[in-house]
């Protein structure tokens with residue numbers, strides 16, 4: 001038998017899941033190796049590091065605009081490239097991932113759930129993790 005509180009919590013959970021796009025739930029599942037239902041910064045950076053390595057086709061340790069394939073607009077590229085060398089190294093990429101992670105975490109709990117990943121800021125982060 002369910003209590004009134006349990007029924008309310010269950011209905012809230014179901015409505016939250018229904019409001020979250022399926023792609024965000026699938027991405028969360030892929031980025032969440034500990035299966036706690038959230039992505040923390042370390043998990044995001046681990047995924048971003050693997051993406052960086054995959055995108056670095058010439059294996060020079062940097063990404064240029066061609067290798068990034070539209071993941072960043074010109075303004076974001078310039079921000080992520082403080083040394084203005086025309087490329088982004090892994091540290092610069094991971095710093096950008098961290099900034100976008102923090103922007104997608106409005107409750108500042110250090111984790112992102114599927115709803116936060118589906119937000120505008122979350123989608124900007126997702127572009128760097130796919």
*Inside region 81-128, can you point out the residues that are buried (at least 18 other Cβ atoms within 10 Å of the Cβ), at pLDDT below 95 and more than 16 Å from the chain's Cα centre (by Cα)?*
81
_Residue within region 48-68 that is under 15 Å from residue 128 (Cα atoms), touching a residue at least 60 places away in the same chain (Cβ under 8 Å), out of contact with any strand residue (DSSP E or B) (no Cβ under 8 Å at 6 or more places or on another chain) and surrounded by fewer than 20 Cβ atoms within 10 Å (Cβ to Cβ) present_ = yes
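Kindly indicate the residue of region 9-22 that is in contact with a helix residue (DSSP H, G or I) (Cβ under 9 Å, 6 or more places away or on another chain) and in a helix (DSSP H, G or I) and also modelled with the highest pLDDT among those meeting that condition.
Here the residue is 19.
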*Might you let me know whether region 33-40 holds any residue that is more than 19 Å from residue 122 (Cβ to Cβ) and crowded, with 19+ Cβ neighbours inside 10 Å?*
no
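The values are calculated or read from the model by the stated rules, or taken from the named source; none is laboratory data. These numbers come from a predicted model, not from an experiment. Because the Cβ atoms are built from the backbone with ideal geometry, glycine has one as well, and the counts that use them run over all protein chains shown.
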